[in-house]
């Protein structure tokens, strides 16, 4: 078809069809698969009632040079939207996006279902990919696996985006945390990247208030410095699968030999127990200088810090009645 004929048809189209009204009514969702032909896109628009004259629309799109620029993805287009706006959305890739929110401290078992919603994959399939032995090497993180390295943040992700692309975005946000200044702080501590993220994940799990994170980090740094067991409850809960809110002695005994049990294994666990946020990472890199070695939680989530085991035992005794009263109020017996 010559350009002159195309232009003539477009003039007929404009005169015959008039200017479509702005988009109105609930949006119609369509998906343009990767590799779809332009004709298949036109057929979809016509079948969904978004284009009433597919032949003229095709001519118009070719005249605009848009027929070879359509991008794959999921779109929401309101009935009555002008052809020029439809083509703008399709050629600029203005696809539907979903918000993927990963809270601080989330484990891979909690992250996988959220990623699955975005990618349209089964959560178990996603989780198997995240914990695979090769995952850390594939995405260039210390490992093991991707636990701790999918940075907690809110992401706006196109629906149906490949899993690899989502993970690259999240790991990229993690990499962005490591500025030259923070790398220098890590090196000054004499810690590896994996060690910092692992300890930060424990700090994240212990602290309800970001204000306390540098002090909690100090306790663990102090324990590591003198070879004392970390004895961090969240690591044992991680060994148990993370499904409990309270740690009982019987449960602890069941994972006595687990490498993540810091009551029975010295030093840091083999890897992170969740995804620490920037505050926990910075607290680990810059702990408050203290001589605290112990802490115990109050019902409101804050902590009492102690220098000696005797002081710690006294704090635990003082808080015992407070915790009992709190549990009665919560109906926990």
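All of the numbers you see were taken from the coordinates with simple rules; none came from a lab. Note that the structure is predicted; figures quoted are calculated from it, not measured. Glycine also receives a Cβ, built like all others from the backbone with ideal geometry; neighbour counts cover every protein chain displayed.
For every helix of n ≥ 4 consecutive DSSP H residues, a contribution of -39,500 (n - 2.57) applies; sum these over the chain, divide by its total residues, and give [θ] at 222 nm rounded to the nearest 500 deg cm²/dmol.
Numbers: 15 runs with 164 residues, N = 333.
Computed ellipticity for the chain at 222 nm equals -15000 deg cm²/dmol.
How far is the Cα center of segment 269-293 from the Cα center of segment 51-84, in Å?
The distance from the Cα centre of segment 269-293 to that of segment 51-84 comes to 53 Å.
Report Rg(Cα)/(2.2 N^0.38 Å) for segment 54-131, keeping two decimals.
1.60
When the distances between all Cα atoms of segment 16-166 are binned every 5 Å from zero, what whole-number percent does each bin get?
In order of increasing distance, the bins hold 2, 9, 16, 18, 13, 10, 9, 9, 8, 5, 2, 1, 0 percent.
When N counts the residues of the chain, how does its alpha-carbon radius of gyration compare numerically with 2.2 N^0.38 Å, as a ratio?
Ratio of Rg to 2.2 N^0.38 Å for the chain: 1.40.
For residue 85 and residue 208, what does the FRET efficiency come to when R0 = 35 Å and r is the distance between their Cβ atoms, rounded to the nearest 0.05?
Between residue 85 and residue 208 the formula returns 0.15.
If the chain between residue 156 and residue 189 were fully stretched, how many nm would it gain, using 0.36 nm times the residue separation less the Cα-Cα distance?
On the way: separation 33, 0.36 × 33 = 11.88 nm, distance 3.51 nm.
Extra length from residue 156 to residue 189 when fully extended: 8.4 nm.
Take the alpha carbon atoms of segment 105-177, find their radius of gyration, then divide it by 2.2 N^0.38 Å using N residues; give the quotient.
So the Cα radius of gyration is 0.98 times the expected 2.2 N^0.38 Å.
Across bins of 5 angstrom width beginning at 0, how are the C-alpha pair distances of segment 191-292 distributed, in whole percent?
P(r) for segment 191-292, in whole percents per bin: 2, 15, 25, 25, 20, 10, 3, 0.
Expressed as a whole percent, how much of the Cα-Cα distance distribution for segment 260-313 exceeds 18 Å?
Within segment 260-313, distances greater than 18 Å cover 57 percent of Cα pairs.
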